[in-house]
Amino acid sequence: MRRLREIPPTAGLPLQAADLLPRRDALTATLAAQLGTPPLQLECSGTAALLVALHALKARAPDRRVVVAPAYTCPLVAIAVHRMGLTLRLCDTRPGHWDLDPQALAQACREDTLAILPTHLAGLVADMDAPLEIARATGAFVIEDAAQALGARDGEQSVGLHGDIGFFSLAAGKGLSIYEGGLLVTRDDALREELRAVSAAIVPPASGWELRRSVELLGLAALYRPSLLGLAYGVPLRRALRRGDPVAAVGDDFAPQIPFHRVGRWRRGVGTRAAARLPDFLITNRARALQRVARLRALPGISVFDEAAGTIGSWPFLLLLMPTAAKADAALAELWTAGLGVSRLFVHALPDYAYLADRVPQDAMPHARDFAQRALTISNSAWLDEADFERICAVIGRASA
Ligand SMILES: *Cc1c(COP(=O)(O)O)cnc(C)c1O
């Protein structure tokens, strides 16, 4: 199934040449107006945004030292909690789902808990009722991890506003991208001021990172197209899988250091121009996703994740569960290296990443592990045409039967 085109595993908003011209920065104002949020705060990554949030909350509740996160989430969350000198406590997911399990959460969240991180995975809106109720009962804060969900809506409002703080990612592959970036949001005026003060105090003004990120953003703009993406994404993916390293293949092998710097004016300008296309992009992507979810539902034995009632997803990719780990492996054996944008989300539950063993409690998280073994993702990129989508459905249908 090898071919010359390579579909990206997620639907990133493609950059245009005109985006790269100098422009006045209005990135956070544009996005806040589109999303209907209070003022947004820009940081150099989603992880940096999470660190700023933890810093601010730690100042409010210095005796609380535990952060409760889902056992199936981005390894960067574990790295950030460790970097803050806080203790990570994992909460298993609901069986067959990525949401925090309410019973496990009630046990994990105690008087020592600083924050809970409900996570809007795959651009879909997480259950917020249990986390908010449990947090209220124990005095913990709620940080919504909306790294994958810029543009997702819960009822009338953007995700990120139910909890005390929300954050989004502007990393490559996460929808709107300035190669690396993150946004903080909160309804609470006092907390917003504290987040601003923390950022001013801990983020150095000048750094070599910004030059590097600018070059990387140019590279992304040049290579983010099916004809060239094989070079930047496909070749390293196949090489990693050949040497039996799925963690590197999906990019779950994060460095321990977390860069901290200001996002420069040029990248903010690029983001401002691209953001003008975001609302239409999200509408088109959602229509495509809902149609394809319905098509996947016709396949026996798989479960496809969809919007909860009253919510709207941002749909970077479609997320589904195969009936067994072996069947997921069988489908991926055919599809992962086929250039069709089929991948795994996170390869493991957090306790199963060997390189994180010193930063992640080694508790059994059976539902999260089962989820990691059975989940696969299908790109929601516009470049994945109907014929290729049908080829994917055929393989998944055969593997799951
Ligand atoms: C990507 C991601 C992050 C980190 O965001 P970056 O911008 O890459 O630092 C955090 N949480 C989740 C769920 C993510 O997918």
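The values are calculated or read from the model by the stated rules, or taken from the named source; none is laboratory data. Predicted model, so just to flag it, every value in this text is computed and none were measured. Don't worry about glycine lacking a Cβ; one is built from the backbone with ideal geometry, like all the others, and counts go over all protein chains shown. Please note that ligands, DNA and RNA were not included when accessible areas were found on the heavy atoms of the full protein model with its side chains. Shrake-Rupley method; radii C 1.70, N 1.55, O 1.52, S 1.80 Å.
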Going through the range 84-100 in order, the residues found to be surrounded by fewer than 24 Cβ atoms within 10 Å (Cβ to Cβ) and not in a loop (DSSP other than H, G, I, E, B) are Thr87, Leu88, Arg89
Counting only residues in the range 120-136 that are more than 14 Å from the ligand (Cβ to nearest atom) and in contact (Cβ under 8 Å) with a residue 24 or more places away in the chain, the one most open to solvent (accessible area, probe 1.4 Å) is identified as Asp127
For the range 38-66, the count of residues that are away from the ligand (no atom under 13 Å from the Cβ) and either in a strand (DSSP E or B) or open to solvent by less than 30 Å² (accessible area, probe 1.4 Å) (or both) equals 6
Over the range 149-175, the set of residues in contact with a Gly (Cβ under 6 Å, 6 or more places away or on another chain), open to solvent by 20 Å² or more (accessible area, probe 1.4 Å) and near the ligand (Cβ under 10 Å from one of its atoms) is Gly173
With the first residue restricted to the range 144-156 and required to be within 14 Å of Ala126 (Cβ to Cβ), and the second required to be charged (D, E, K, R), Cβ contacts under 7 Å at 6 or more apart or on different chains are Ala147/Lys174; Gln148/Lys174
| message | Against the condition within 12 Å of the ligand (Cβ to nearest atom), more than 30 Å from Ile302 (Cβ to Cβ), buried (at least 21 other Cβ atoms within 10 Å of the Cβ) and at pLDDT 95 or above, how does Val81 come out, does it pass? | response | yes
Report task. Could you check, for the range 176-184, whether at least one of its residues is more than 30 Å from Ala221 (Cα to Cα) and within 11 Å of the ligand (Cβ to nearest atom)? Result -> no
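Can you find, within the range 197-255, the residue that is modelled with the lowest pLDDT among those that are hydroxyl-bearing (Ser, Thr, Tyr) and in a helix (DSSP H, G or I)?
Among residues in the range 197-255 that are hydroxyl-bearing (Ser, Thr, Tyr) and in a helix (DSSP H, G or I), the one modelled with the lowest pLDDT is Tyr233.
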If we keep only residues of the range 67-78 that are open to solvent by less than 10 Å² (accessible area, probe 1.4 Å) and in a loop (DSSP other than H, G, I, E, B), then the residue nearest to the ligand (Cβ to nearest atom) is Thr73
Worksheet item: Somewhere in the range 186-208, is a residue within 29 Å of Ala130 (Cα to Cα), within 14 Å of the ligand (Cβ to nearest atom) and crowded, with 24+ Cβ neighbours inside 10 Å?
Response: no
Within the range 266-284, residues acidic (Asp, Glu) and either under 14 Å from Thr28 (Cβ atoms) or under 19 Å from the mean Cα position of the chain (by Cα) (or both) come out as none
When every residue in the range 361-401 that is open to solvent by 10 Å² or more (accessible area, probe 1.4 Å) and aliphatic (A, V, I, L, M) is compared, the one farthest from the chain's Cα centre (by Cα) is Ala401
Restricted to the range 290-311 and to residues being in a helix (DSSP H, G or I), in contact with a helix residue (DSSP H, G or I) (Cβ under 9 Å, 6 or more places away or on another chain) and more than 24 Å from Ala368 (Cβ to Cβ), the residue least open to solvent (accessible area, probe 1.4 Å) is Arg292
If we ask which residues in the range 109-119 are open to solvent by less than 10 Å² (accessible area, probe 1.4 Å) and either among the hydrophobic types (A, V, I, L, M, F, W, C) or under 19 Å from the mean Cα position of the chain (by Cα) (or both), their number turns out to be 6
Checked the range 73-90 for anything in contact with a Lys or Arg (Cβ under 8 Å, 6 or more places away or on another chain) and touching a residue at least 40 places away in the same chain (Cβ under 8 Å); matches are Ala78, Ile79, Val81, His82, Leu88
